[in-house]
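Input: a single structure, listed below in structure tokens.
The values are calculated or read from the model by the stated rules, or taken from the named source; none is laboratory data. What you see is a predicted model; the values in this text were computed from it and never measured. Virtual Cβ from ideal backbone geometry, glycine too; neighbours counted across all protein chains shown. Heavy atoms of the whole protein, side chains included, go into the accessibility calculation; ligands, DNA and RNA do not. Shrake-Rupley method; radii C 1.70, N 1.55, O 1.52, S 1.80 Å.
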Amino acid sequence: INLVDEIAYNAHDVDDGVRSGLIDLAQLDALVLFAEHRRASLAAFPPLAGMPVRRLLAQTLRGMLSAQVHDVIAATRAQLDRHAPDSADAVRALPALVCFSDAMREQSTELKRFLFGALYRHPQVTRTTERARHVVRALFKAYSAAPAQMPLEQAAAHAASGQRVVADYVAGMTDRFAAREYHR
């Protein structure tokens, strides 16, 4: 599950980063995993060169996703062949059998490092994160002080269960709903 999340989140974050304008294809071309699949996409579909960047990005990400999934399957098969576990207990005693190959692990790590520095720690993202923290804290404080501001079900549950209800209610909010509630 961790590998699946890693693969999906990295692709999603690359897409979000490019769409937001915080990262661009030139920066991504410095990464082996991205550059390889961008070149392959252009070779397989030359008209992509003249289309909006979004189309090339989508095709590149599809290639990256497929390559990573196939790599996990092949590396896992190799681990199973190498260790040949004969029981669930034998599997538990082994290192992780579901894994990337060493080469793909290196490429994925390179991508994660890039995303961390160029996207997750981008000043615009940091400012947005700080604003979101402020909103969440303010909502928690407001609902804790005045539980009747929450829907009836949560307000009633607050009387019985306390702050956990407030935390769960705020945690379940979409960004837009939280912003509306904050302004309210």
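A few remarks follow.
- Counting the residues of region 1-42 that are within 24 Å of SER101 (Cα to Cα) and either among the basic types (Lys, Arg) or in a loop (DSSP other than H, G, I, E, B) (or both) gives 6.
- Matching entry among ALA90, ALA75 (being open to solvent by less than 50 Å² (accessible area, probe 1.4 Å) and in contact with a His (Cβ under 9 Å, 6 or more places away or on another chain)): ALA90
- If the condition is being open to solvent by 70 Å² or more (accessible area, probe 1.4 Å) and assigned to a loop (DSSP other than H, G, I, E, B), then region 136-184 contributes THR174, ARG184.
- Residue within region 12-21 that is modelled with pLDDT of 95 or more, in contact with an Asp or Glu (Cβ under 9 Å, 6 or more places away or on another chain), open to solvent by less than 70 Å² (accessible area, probe 1.4 Å) and among the β-branched types (Val, Ile, Thr) present: yes
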